[in-house]
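Q: I have a structure here, written as structure tokens, and I will follow up with some questions on it.
The values are calculated or read from the model by the stated rules, or taken from the named source; none is laboratory data. From a predicted model like this one, the values you see are computed outputs, not experimental measurements. Don't worry about glycine lacking a Cβ; one is built from the backbone with ideal geometry, like all the others, and counts go over all protein chains shown.
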Amino acid sequence: MANNPSLKEKTAKGLLWGAMNSTLMQVLNGVIGVVLLWFLDPGDYGMIAVLAIYSAIAANLQDSGFISALINKRDATHQDLNAVFWFNILISALIYVILWFCAPLIAAYNQEPQLVALSRYAFLGFFCASFSITPRTILMKELRVKEQAICNIIALIISGAVAIIMAANKMAFWSIATQSIVYVSIVSIGSWYYSGWRPSFQITFRPIKEMFGFSCKMLITGIFNNINKYAFESTMGSFYPKPSIGSYSQANKWNQMGSQTIIGMVQSVAQPMFVQVGDDLERQQRVFRKMLRFTAFVTFPLMFGLSLVSAEFIEIIAPPKWLTAVPFLRVLCIAGAFLPLAALYYNYIISRGKSDVFMWNTIAQSAIILANLFAVQHFHLNWFGFSGIMLMIINYVIIIIAWMFIWHYFVWCELRLKLTAALFDTLPFFLVALLAIVATWFATSSITNSYLLLASRILMVAVIYLGILWVLKAEIMRECISYIRKKHERA
């Protein structure tokens with residue numbers, strides 16, 4: 001029992017700094033992105049966008065799943081860390097050389113000669129990132145989320161400033177490519193500084209062979225996710241009008257900004273925390289259920305709240321032409337509320353060494369989502385009151401929610417956590433958040449000013465939601481308040 005307070009303190013700190021990191025990163029990204037829009041054209045972003053799939057797959061190959069493998073290895077030695085460090089650098093160098101020679105083919109395929117030089121320059125980013133993989137893994141394994149957050153935030157501010165200066169001086173798409181390279185370089189320097197780890201030239205790749213069985217499944221899953229992600233958007237583009245695709249794209253972007261903030265907070269501590277808990281099944285259940293309650297406590301009010309204020313939110317931050325994204329955002333936020341819960345589930349599965357379960361589950365889910373896309377491709381016009389894209393989104397939401405039961409089955413196989421217990425931990429937050437949203441909608445429906453409506457709805461949802469939980473004596477909320485008070489007193 002002596003280790004419990006230490007792990008609890010680490011987890012609380014990790015969640016706090018994970019929340020700060022995710023929130024600040026999203027806010028800074030948004031601010032930098034808006035400023036860059038004043039200096040750059042859509043074509044500049046398009047030049048970088050066509051390279052995204054190559055960079056994403058290269059990053060998967062670079063990592064090769066060894067970050068998760070090292071985190072899962074409780075007794076990772078310097079020899080293990082050193083082997084992964086040198087292996088990643090060698091693989092990254094090899095991939096960069098291949099992509100360097102493929103640059104003319106990429107340019108020819110996209111009918112854009114400037115992509116030869118741009119791709120060779122932009123791909124330097126993932127090679128620079130290879131130097132930080134082992135130090136970042138050490139910080140993640142030790143739940144040092146504060147140090148990771150500092151690295152990420154400083155890197156984003158500096159790289160964003162560089163990009164804005166370059167864009168203001170009419171350096172177009174080179175500013176975006178440089179932003180990425182500067183960002184990963186600063187993260188690498190910061191990770192080396194905080195981790196304190198240094199490589200040696202006594203190299204053996206035997207640990208790579210030992211970890212490969214686990215890591216290769218993580219690698220395949222990552223590659224499939226990226227291919228699926230870009231294939232999804234590409235295929236949609238051939239089925240629906242471009243204005244509708246643009247509205248969907250922006251709605252999905254805003255939805256992901258919300259859900260990814262929560263996912264980033266959860267993932268910053270979930271897998272390493274589950275590994276540190278050990279094989280005590282009872283303790284695992286306690287930790288998992290507390291994390292489940294915390295995630296539900298945060299995700300339902302935030303994502304349902306974003307759905308509620310979607311119209312006034314878009315009306316304030318974007319021109320009127322983007323109001324067509326409102327219906328898409330409202331529905332996508334429902335799926336977004338469940339994605340952080342899914343992230344908690346699959347992080348536990350990964351922590352138990354079941355990378356094959358994670359891989360096949362992800363592939364199966366992605367295949368069904370793609371099948372949904374193809375199934376509704378012919379519904380360009382309204383069908384039972386829904387357009388083809390809206391029907392696709394509704395089906396997607398149903399798949400995400402239904403798949404929670406699949407994730408739970410595999411967690412049950414390892415943890416023996418009953419479905420009724422999981423529902424007992426999450427359903428109250430779901431119902432209270434839903435009640436707060438419905439009550440707020442009726443109470444504020446007569447307000448016409450968008451700014452007043454947005455502020456009123458945010459404030460009212462927060463007061464109703466937290467007020468009901470306080471009356472119900474929700475333990476997780478009281479623990480959060482108690483922890484924040486203690487931090488304030490220490491400060």
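Q: Could you tell me which numbered condition ILE227 fails, if it satisfies all but one of (1) over 16 Å from the mean Cα position of the chain (by Cα); (2) in the same structural domain as PHE358 (by TED's automatic domain parsing); (3) at pLDDT below 80?
A: For ILE227, the exception is condition (2).
Q: Right, next: How do the helices (runs of 4 or more DSSP H) wholly within the stretch 119-173 filter down when requiring 3 or more residues that are in contact with a Leu (Cβ under 7 Å, 6 or more places away or on another chain) and modelled with pLDDT of 85 or more: which remain?
A: Helices (runs of 4 or more DSSP H) meeting the threshold: 145-168.
Q: Ok, one more. Does the stretch 103-116 hold any residues that are out of contact with any helix residue (DSSP H, G or I) (no Cβ under 8 Å at 6 or more places or on another chain) and over 11 Å from LEU51 (Cβ atoms), and which are they?
A: Selection gives LEU105, ALA108, TYR109, GLN111.
Q: In addition: Which residues, counting only those in the stretch 433-468, are touching a residue at least 40 places away in the same chain (Cβ under 8 Å) and either hydrophobic (A, V, I, L, M, F, W, C) or not in a helix (DSSP H, G or I) (or both)?
A: Of everything in the stretch 433-468, those that are touching a residue at least 40 places away in the same chain (Cβ under 8 Å) and either hydrophobic (A, V, I, L, M, F, W, C) or not in a helix (DSSP H, G or I) (or both) turn out to be ALA433, LEU434, ALA436, ILE437, TRP441, LEU453, LEU454, ILE458, VAL461, ALA462.
Q: If I go through the stretch 425-449 residue by residue, how many of them are under 26 Å from the mean Cα position of the chain (by Cα) and among the aromatic types (Phe, Trp, Tyr)?
A: Summing the residues that are under 26 Å from the mean Cα position of the chain (by Cα) and among the aromatic types (Phe, Trp, Tyr) in the stretch 425-449 gives 2.
Q: If you scan the stretch 180-199, which residues turn out to be in contact (Cβ under 8 Å) with a residue 40 or more places away in the chain, of a type outside the set (Ser, Thr, Tyr) and within 15 Å of LEU124 (Cβ to Cβ)?
A: ILE181, VAL184, VAL187, listed by residue number.
Q: Shifting gears a bit: Taking only the stretch 310-357 into account, find how many residues are outside any helix (DSSP H, G or I) and more than 22 Å from the chain's Cα centre (by Cα).
A: 2
Q: While we're here: Considering every residue within the stretch 290-305, establish whether at least one is modelled with pLDDT of 90 or more, surrounded by fewer than 24 Cβ atoms within 10 Å (Cβ to Cβ), assigned to a helix (DSSP H, G or I) and of a type in the set (Lys, Arg).
A: Yes, the stretch 290-305 contains at least one residue that is modelled with pLDDT of 90 or more, surrounded by fewer than 24 Cβ atoms within 10 Å (Cβ to Cβ), assigned to a helix (DSSP H, G or I) and of a type in the set (Lys, Arg).
Q: For the stretch 91-106, which residues satisfy the criterion of being surrounded by 14 or more Cβ atoms within 10 Å (Cβ to Cβ) and under 14 Å from PHE131 (Cβ atoms)?
A: Correct list: ILE91, SER92, TYR96.
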